[in-house]
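Worksheet: the structure to be examined is printed underneath.
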Amino acid sequence: MTFSIFFFLTWLVISIFAVMQKKLSLVENTFVFLVILVVSINFSWIIADELKLITLPKEKLPYTAYLMNRSIIIPVLVLIQLNICMARDAFFWKAGSILTAVLLLTGINYLMTALNISSYTNWNPGFDAIYFLLLNLTALIAYSIIDRASEKAVNHT
Amino acid sequence: MKLWETFDKNEIYILVMLVVVFVAFFMFPKKLPRHITLLFLVWGFTTSTFYDFTIGGGLMDFYKVNDSNKYELIDLLTYFLFAPFSYFFVYFYHRFRIDRKTFIFYVLGWSILGLLMEQLSRFMDMIHYQSGYSMKYSIAVFLVTQTTTALFYEWITRQQRRTGVSDDVVKSDNGSV
């Protein structure tokens, strides 16, 4: 059941991203996705496998659900947030989109513990929320880097 | 997190290779636009990280990078090694004007090169197969990764040509973008 729920969530975020109006180009979206994926993989490995702050499942299907969350749900949700964030210039729109994404991501991580996929040993949802806030800010920085690089390329022609 | 377990053959190999590939990266004339260069450097880094933390770690744990299954900082440098390789894959794809007739040969050639580099990395103790893993499984990994990379580059160039924004940027040979 846990696998099915996370498979559905994975399908849902990919589908939402596929059909949504995107503000970022293909290169920008891919670049931000890759940067967030690297951060997500490294962070989850360090807190779970190195520092043992979170306990991961030993069974294959729940572990696959954890991998889907780490490698697809988290980066794609951050990407959806970034595309929504860039749709308008208003501060409250941007802050609202980031906060909504943080709440959703923290909620999904909490769902992992509720479904016994992972368990917090020396961790809590508050730390998750701080991490996801920083992750969304990282996405903004990554976007500004690739945007600047793209502008230079276009200006040159 | 340690810098490394012991400084020996694999650490020297990684540091030498890093110097070689990054010197090559800076020496080669720039034929690709800056944002495409940046994207494919990150693409290579992310791909190696993704494989190592998915099939090379966790429940599967098919191979070990460097001296231990723990995360060493030298592991991070190892992932940086893959960034210029990804760039050069796309760079020569562009330079040699790979098309429908040459696509398969290009991907096969790079897959063979990848397998040879992997064996060299095993010899230098950078990679250690475990849990029943063998080279034949890497064939699938290289074919999938390099085909995906080439198709993704094609997608980008076609999309940019369609939008008309930067056909010259992507296909330019002036070397200064």
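Laboratory data are not the source of any read-out in this text; all were calculated from the coordinates shown. Predicted model, so just to flag it, every value in this text is computed and none were measured. Ideal geometry is used to build each Cβ from the backbone, glycine not excepted, and the neighbour counts take in all protein chains shown.
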Part-to-part distance (alpha-carbon centres) for region A:40-114 and region B:1-77, which is given in Å: 25
For region A:26-157, average projected area of the Cα convex hull in nm²: 8.8
Spatially proximal aspartates and glutamates relative to B:Lys101 (Cα-Cα < 17 Å; intrachain offsets below 8 disregarded): B:Glu154
Charge dipole (region A:1-88, unit charges on Cβ, about Cα centre) - positive-most of A:Trp45, A:Gln21, A:Thr55: A:Gln21
Nearest 10 degrees, 0 to 90: helix B:73-95 Cα axis against chain B principal axis: 30
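If you put +1 on each Lys and Arg Cβ and -1 on each Asp and Glu Cβ, how big is the dipole of region B:1-132 around its Cα centre, in Debye rounded to 20?
On the way: 12 positive and 11 negative charges, 177 e Å.
I would put it at about 860 debye.
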GNM top mover of B:Lys30, B:Lys70, B:Lys136 - chain B, alpha-carbon springs below 10 Å: B:Lys136
Packing-based exposure ordering (other Cβ within 10 Å, fewest first) of A:Ile14, B:Ile104: B:Ile104, A:Ile14
Relative exposure of B:Val21, A:Val13, judged by other C-beta atoms within 10 Å (fewest first): B:Val21, A:Val13
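Partner chain Cβ atoms within 10 Å, averaged over the residues of A:30-38 - can you pull that number for me?
On the way: counts 8, 7, 1, 2, 11, 3, 1, 5, 8.
Mean shielding count: 5.
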Candidates B:His94, B:His128, B:His35, ranked by Gaussian network fluctuation over chain B, Cα under 10 Å, top entry: B:His35
Nearby lysines by direct alpha-carbon distance to B:Lys30 (threshold 17 angstrom, same-chain neighbours under 8 apart not counted): A:Lys152, B:Lys171
Values of log10 I(q)/I(0), in the order q = 0.09 Å⁻¹, for the protein assembly as shown under a Debye, Cα-only, solvent-free model: -0.52
Within the protein assembly as shown: Cβ-based charge dipole about Cα centre, in debye rounded to nearest 20 (Lys, Arg +1; Asp, Glu -1): 940
Of B:Leu15, B:Leu59, B:Leu73, the one that fluctuates the most in a GNM where chain B has Cα springs shorter than 10 Å: B:Leu59
Rg and Dmax [Cα atoms of chain B; Å; Rg one decimal, Dmax integer]: 17.3, 53
Residue mean of other protein chain beta carbons inside 10 Å, B:27-37: 3
Loop-exposed chymotrypsin sites (Phe, Trp or Tyr not before Pro) per DSSP, neighbour cap 14 Cβ within 10 angstrom, longest uninterrupted part of chain B: B:8-95
Partner chain coverage, peptide B:121-129 - average Cβ within 10 angstrom: 0
Cα long-axis angle, helix B:34-54 against chain B (0 to 90 degrees, to the nearest 10): 30
Principal-axis tilt of helix A:2-19 within chain A, Cα atoms, nearest 10 degrees: 10
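Nearest 500 deg cm²/dmol is fine: what mean residue ellipticity at 222 nm does chain B get from its DSSP H runs of n ≥ 4 alone, each adding -39,500 (n - 2.57), divided by its residue count?
Numbers: 6 runs with 118 residues, N = 177.
Helix-only estimate at 222 nm: -23000 deg cm²/dmol.
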